[in-house]
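> This is the structure I have questions about; it appears just below.
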Protein chains: 2
Amino acid sequence: MSAALEAVACCAPLAAAALSDDEAAATAELFKALADPARVRVVNLLATSGEPVCVCNLTEPLGLSQPTVSHHMKKLLDAGLVEREQRGKWAYFSLKRDAVEKLAAVADLKGACC
Amino acid sequence: MSAALEAVACCAPLAAAALSDDEAAATAELFKALADPARVRVVNLLATSGEPVCVCNLTEPLGLSQPTVSHHMKKLLDAGLVEREQRGKWAYFSLKRDAVEKLAAVADLKGACC
């Protein structure tokens with residue numbers, strides 16, 4: 001398990017009573033992975049697809065070159081937000097269910113404020 | 001209303017069916033505002049406080065200088081996540097309810113994937 005994957009497992013909700021330095025850092029890392037328009041679009045494409053998406057089908061909707069798409073996929077992989085499956089010459093990506101649930105929990109401040 | 005404040009109003013959920021370039025950029029900006037451990041801690045402190053927090057009470061728990069705290073508060077203000085109220089010589093900050101709801105909605109991918 002990569003350090004970043006552990007980070008997703010460890011990050012704490014923004015409304016948690018006591019946030020340690022490590023939890024704050026892990027939570028910031030998770031948001032950082034999504035702090036880019038191309039990565040927001042990738043997550044959107046994966047979220048609205050019913051099945052794993054070939055990296056070869058990401059270049060056109062994103063309007064980016066293959067190396068640039070691969071760079072963004074590595075960031076999302078490192079953050080533990082997506083998973084990768086090799087099928088022949090192509091990599092297929094899908095959202096990781098536990099990371100998606102963690103992201104929603106982390107960002108949910110309702111009830112704790114305002 | 002600042003451009004960034006509008007960005008919060010315009011950003012779209014990650015699971016929205018069609019994400020425009022502008023929506024992707026606004027959503028990324030919102031995550032970017034939270035892609036820093038100090039700002040995660042500020043939002044955590046504001047979320048767990050029942051009332052507006054004086055900027056003079058943020059320096060100690062964050063372990064940061066006043067100018068650095070002010071820098072982070074400006075980023076959060078520009079993103080429309082917090083609001084600022086002047087009381088005498090001090091600024092008091094609280095989370096903005098609509099931004100908090102927007103953040104939770106944006107980050108919620110459940111039901112749309114996996």
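> In square angstrom and rounded to 100, what buried accessible area do you get between chains A and B, total over both, with the probe at 1.4 Å?
Working: alone 6950 and 6960 Å², together 10810 Å².
So the total buried area for this chain pair works out to about 3100 Å².
> Could you tell me the calculated FRET efficiency between B:Glu60 and A:Asp21, based on Cβ-Cβ distance and R0 = 25 angstrom, to the nearest 0.05?
Working: r = 15 Å, r/R0 = 0.58.
Here the calculated transfer efficiency is 0.95.
> Additional query: 7 Å along Cα→Cβ for the label point: how many nanometres lie between B:Glu85 and each equivalent label in the other copies, listed shortest first?
Ordered by distance, the counterparts are at 5.2 nm.
> Something else: Using the 7 Å Cα-to-Cβ label point, sort the distances from B:Cys54 to its equivalents in the other copies shortest first and give them in nm to one decimal.
Shortest to longest, the spacings are 6.3 nm.
> When each copy gets a label point 7 Å from Cα toward the beta-carbon at B:Asp21, what are the spacings between them in nm, shortest first?
The answer, with the shortest distance listed first, is 4.3 nm.
> In nanometres, what is the gap between the two model label sites at A:Asp98 and A:Arg84, each 7 Å from Cα along Cα-to-Cβ?
Here the answer is 1.9 nm between the modelled labels.
> Per residue of the range A:88-98, what does 6.51 cos²θ - 1.76 cosθ + 1.60 with θ = phi - 60° give for ³J(HN,Hα)? Whole Hz please, x for Gly and Pro, Karplus curve as stated.
These are the phi-based 3J(HN,Hα) values: x, 7, 10, 9, 10, 10, 9, 6, 8, 4, 5 Hz.
The values are calculated or read from the model by the stated rules, or taken from the named source; none is laboratory data. Bear in mind that the values here come from a model prediction, so they are computed numbers and not experimental data. In this analysis, Cβ positions are derived from the backbone assuming ideal geometry, glycine residues included, and neighbour counts consider all displayed protein chains. To get the accessible areas, we keep the full protein, side chains included, count just its heavy atoms, and leave off ligands, DNA and RNA. Shrake-Rupley method; radii C 1.70, N 1.55, O 1.52, S 1.80 Å.
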